[in-house]
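Laboratory data are not the source of any read-out in this text; all were calculated from the coordinates shown. The structure displayed is predicted, hence computed values, not measured ones. Cβ placement follows ideal geometry from the backbone for every residue including glycine, while neighbour counts extend to all protein chains displayed.
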Amino acid sequence: MFVETYETYNAVSDKTLKGKLVVVIDTLRATSVITTALVNGSKEVIPVADIEEAVNLSYNFDKDEILLGGERNAVKIDGFDLSNSPLEYSKDVVEGKTIILTTTNGTRALKKASSSDDVVVGCLLNVSSIAEYIQKEDKDVVIICAGTEGKFSIDDIITAGAILHKLKELKPYESDDLSKASYFLYESFKDNVLDIMKYGYHLNRIEKLGYHDDVEFCTRIDMFSIVPKYINGVVKIC
């Protein structure tokens, strides 16, 4: 098994993804939102790239069946039901609902990953479940970090490292240099990932916007034991 990690979704080619198991990470906050929504009983999450696409897609559903969620520049989209805060996706809000989600980075990373037919959604909340899924499938792996504004983001890389740390306990693997770097970064800060993540640009921007509770929630490791899988444009529990 060989693991490759990419710092942003723009860095990976469609050809690279063919036949690989792909893990998409946007810890702050899209993949944390998707994971939380599904744990809390959402029927499915449909990630889309654009606001207009989300609104147009919503017309295919009865109003009581769907919720529109997402952000632009970390702020809730006007007219949408929910923002990109996982704390809003509680059981009483999302149970039984289809969520159409669009975010600046995370949902675009998922759309990019669709060149593979085996795509799962990872975050700190479910690292062990993702590692166990990788071990079970026994394929070469591509980890796609969503990044922030087209650039490397510490929060995604530390999450990749957490997954690889768990995977190493289950199965030997080979990896590229960014995978190794993410592994050793997590290894150095595994007792408190916020000690390194607090220096990240994206985390600080979210904090300044008042989302401190989101940061605390999204940095909990192994809070959930699910594998959200992205198939034919829809994310459901594996």
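Tabulated results
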item: Debye log10 I(q)/I(0) at q = 0.26 Å⁻¹ for segment 132-182, Cα point scatterers; result: -1.07
item: Acute angle (nearest 10 degrees) that the helix 30-39 long axis makes with the longest principal axis of the chain, alpha-carbon atoms; result: 70
item: Gyration tensor verdict on segment 59-134 (Cα atoms; rounded if a/c is under 1.5, prolate if a/b is larger than b/c, oblate otherwise); result: prolate
item: Stokes-Einstein translational diffusion, segment 2-226 - Kirkwood Rh over all Cα pairs, 1.306 mPa s, 10 °C, in µm²/s; result: 92
item: Angle in degrees between helix 154-170 and the longest Cα principal axis of the chain, rounded to the nearest 10; result: 60
item: Residues listed by number, segment 1-35, amide nitrogen under 15 Å from Glu174 label point at 7 Å toward C-beta; result: 1-5
item: Neighbour net charge for Ala146 - beta-carbon separation under 15 angstrom, K R +1, D E -1; result: +1
item: Integer Hz, Karplus 6.51/-1.76/1.60 couplings in order for segment 105-118, x for Gly and Pro; result: 10, x, 6, 6, 5, 5, 4, 4, 6, 5, 5, 9, 9, 9
item: Relative contact order [Cα under 8 Å, 6+ residues apart], the chain, whole percent; result: 33
item: Per residue, the convex hull volume that the Cα atoms of segment 104-203 enclose (Å³); result: 103
item: Efficiency of FRET between Lys151 and Asp195 - r from beta-carbon atoms, R0 25 angstrom, step 0.05; result: 0.70
item: Spin-label zone in segment 219-233 - amide nitrogen under 14 Å from a point set 7 Å from the Cα of Asn60 along the C-beta vector; result: 231-233
item: Proximal charge balance of Asp14 [Cβ under 13 Å; K/R count +1, D/E count -1]; result: +4
item: Pairwise centroid distance, computed over Cα atoms, of segment 21-67 with segment 73-114, Å; result: 5
item: Expected 222 nm ellipticity per residue - DSSP helices of 4 or more, -39500 (n - 2.57), all of the chain, to 500; result: -11000 deg cm²/dmol
